[in-house]
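The structure under discussion appears below in the form of structure tokens.
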Amino acid sequence: MIAELQQSVEAMPNTMAALEKPQNRQASTPSQVTPKPVTPKFPTSPNSRATTKTLISQPPSIPVVEEVSLASLQQKPKPPPLPEVSALIQKEEKRDMSDQDSPINLTLEESKDSSQTNAAEVVIENELNTAEIFQDPDLNEPIQPLALQRRPGIKKLYNQGMSAFIQGDYPEAVNVFEGFVEEFEDDVDSDNAYYWIGYSQFKLGKWNAAESAFRKVLQNYEHRPTSQGFKTPDAIYMLGKLAETRKQPEQAAYYFRNVVENYPGSAAANNAQEDLRALR
């Protein structure tokens, strides 16, 4: 047994030498040994084909990429802002709210003041707007006014009607003047007679009859001032008084303004100016 062990020990140097010889030869002549190419298990494109040396020295590896989705981003908690940033954001939000509230409060206060101080201006503006819409065609010149003439001997009848009116006997005044215009509608005093009929009816509270008589003055005769003996401005003014009595201030202002603009200096224009101030 001992002899066999000694033989094995003696043979070990030869065995080690035999093993070292191929390694030294391979290291000294590396160009003569060509390793077999390694075929990759996954497809590669021609442009990205790796060389044999690269495959041997750097084995391929596929990195693990974490899949990112919108849900994963939303699930991640946001870091809380810094205390300085939070204070600045709260300050800006308060300032924005104050800027939005201020104009509303200011508008409410201004509306209260304006509603109290400018009520008269609103009424006047409404009157002007209504006056622009409302138009009375009888305020235009008639197309074919009556040609007036003085008839002798009938002035006495006219004066009789005026006497009844002055005494306050309005029914009698209406009867006399109506008889006058029925017989002598083209007399120089006929437009005056129609006016006094209308005024008497106004005193009696017969507004429709009064309006009809005043319109006869405008429809049948030329529109001229009272300085020339006509009752045109007075008839227009009384239409305004009728509108005022009927609670129609806009129309009343329309007639009053027409008298002031077209017949300045007349008694009717002076009265119309006072009535316009009262309407305001």
Going by the structure shown, is Glu172 among the acidic types (Asp, Glu), free of Cβ contacts under 8 Å to residues at least 24 places away in the same chain and out of contact with any Leu (no Cβ under 8 Å at 6 or more places or on another chain)?
yes
Subset tally (residues that are touching a strand residue (DSSP E or B) at 6+ places or on another chain (Cβ under 7 Å) and surrounded by fewer than 11 Cβ atoms within 10 Å (Cβ to Cβ)) for region 153-169
0
How many residues of region 141-162 are without any contact (Cβ under 8 Å) to a residue 12 or more places away in the chain and under 53 Å from the mean Cα position of the chain (by Cα)? The answer is 2
Looking at Ser212, Ser227 in this structure, which one is surrounded by fewer than 19 Cβ atoms within 10 Å (Cβ to Cβ) and modelled with pLDDT under 95?
Ser227
So which residues in region 221-263 are more than 38 Å from the chain's Cα centre (by Cα), part of a loop (DSSP other than H, G, I, E, B) and closer than 17 Å to Glu211 by Cβ?
Tyr221, Lys231
Can you tell me which residues in region 164-185 are closer than 17 Å to Thr232 by Cβ and outside any helix (DSSP H, G or I)?
Glu185
Quick check on my filter: what residues within region 229-273 are free of Cβ contacts under 8 Å to residues at least 60 places away in the same chain, in contact with a Phe, Trp or Tyr (Cβ under 9 Å, 6 or more places away or on another chain) and of a type in the set (Asp, Glu)?
Asp234, Glu244
If Gln135 passes every condition in (1) over 22 Å from Asn262 (Cβ atoms); (2) under 57 Å from the mean Cα position of the chain (by Cα); (3) without any contact (Cβ under 8 Å) to a residue 24 or more places away in the chain but one, which one does it miss?
(1)
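The values are calculated or read from the model by the stated rules, or taken from the named source; none is laboratory data. Being a predicted model, the structure only gives us computed values, none of them experimental. Positions of Cβ are generated from backbone atoms using ideal geometry, with glycine treated the same way; all protein chains shown enter the neighbour counts.
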